[in-house]
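Inspection log for the structure reproduced underneath, given as structure tokens.
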Amino acid sequence: MPENIDDTPRFFDDDGNELNPDLVAKPSLCVSCAKDGDPNEEILCTLNRLDQQDEDDFKCEAFVAKG
């Protein structure tokens, strides 16, 4: 019998600790980005937010304004 495999991506820090992206606030820049909610961009956006979660200023070189 095949196992039930969860396709949800999992994220880990450099020490191997699992990170929960749901606990990282989504910056307003992300909410106003045309890529927000795009499943093709979700992993890269999540990695960017996780990488900058302790920074004072959030930056995203891939930002595209909605409109």
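Within region 48-62, is there a residue that is of a type in the set (Gly, Ala, Ser) and at positive phi? Checked against the condition, which is being of a type in the set (Gly, Ala, Ser) and at positive phi, region 48-62 yields no hits at all.
Can you name every residue in region 21-34 that is of a type outside the set (A, V, I, L, M, F, W, C) and more than 10 Å from the chain's Cα centre (by Cα)? Answer for region 21-34, where residues must be of a type outside the set (A, V, I, L, M, F, W, C) and more than 10 Å from the chain's Cα centre (by Cα): PRO27, SER28, SER32. Of the residues making up region 15-38, those that are part of a helix (DSSP H, G or I) and of a type outside the set (A, V, I, L, M, F, W, C) are PRO21, ASP22, SER28. Every condition in (1) assigned to a loop (DSSP other than H, G, I, E, B); (2) touching a strand residue (DSSP E or B) at 6+ places or on another chain (Cβ under 7 Å) is met by PRO9 except one, and the failing one is (2). State whether the residues of region 21-36 include one that is out of contact with any helix residue (DSSP H, G or I) (no Cβ under 9 Å at 6 or more places or on another chain) and of a type in the set (Asp, Glu). Checking region 21-36: at least one residue is out of contact with any helix residue (DSSP H, G or I) (no Cβ under 9 Å at 6 or more places or on another chain) and of a type in the set (Asp, Glu). Checking ASN48 against (1) polar (S, T, N, Q); (2) part of a loop (DSSP other than H, G, I, E, B); (3) surrounded by 12 or more Cβ atoms within 10 Å (Cβ to Cβ), which test does it fail? The single condition ASN48 does not satisfy is (2). ASP54 satisfies every condition listed in (1) within 11 Å of the chain's Cα centre (by Cα); (2) loosely packed, with under 10 Cβ neighbours inside 10 Å except (1).
Taking every residue in region 26-48 that is within 15 Å of ALA65 (Cβ to Cβ) and of a type in the set (D, E, K, R) and pairing it with any residue that is at pLDDT 95 or above and surrounded by fewer than 14 Cβ atoms within 10 Å (Cβ to Cβ), at least 6 positions away or on another chain, the pairs with Cβ-Cβ distances below 7 Å are LYS35/ALA62; LYS35/VAL64. Among the residues of region 1-25, the ones that are surrounded by 14 or more Cβ atoms within 10 Å (Cβ to Cβ) and under 27 Å from GLY67 (Cα atoms) come to 2 in all.
The values are calculated or read from the model by the stated rules, or taken from the named source; none is laboratory data. Quantities reported herein were computed from a predicted structural model and do not represent experimental measurements. All Cβ positions, even for glycine, are placed from backbone atoms using ideal geometry, and neighbour counts span all protein chains on display.
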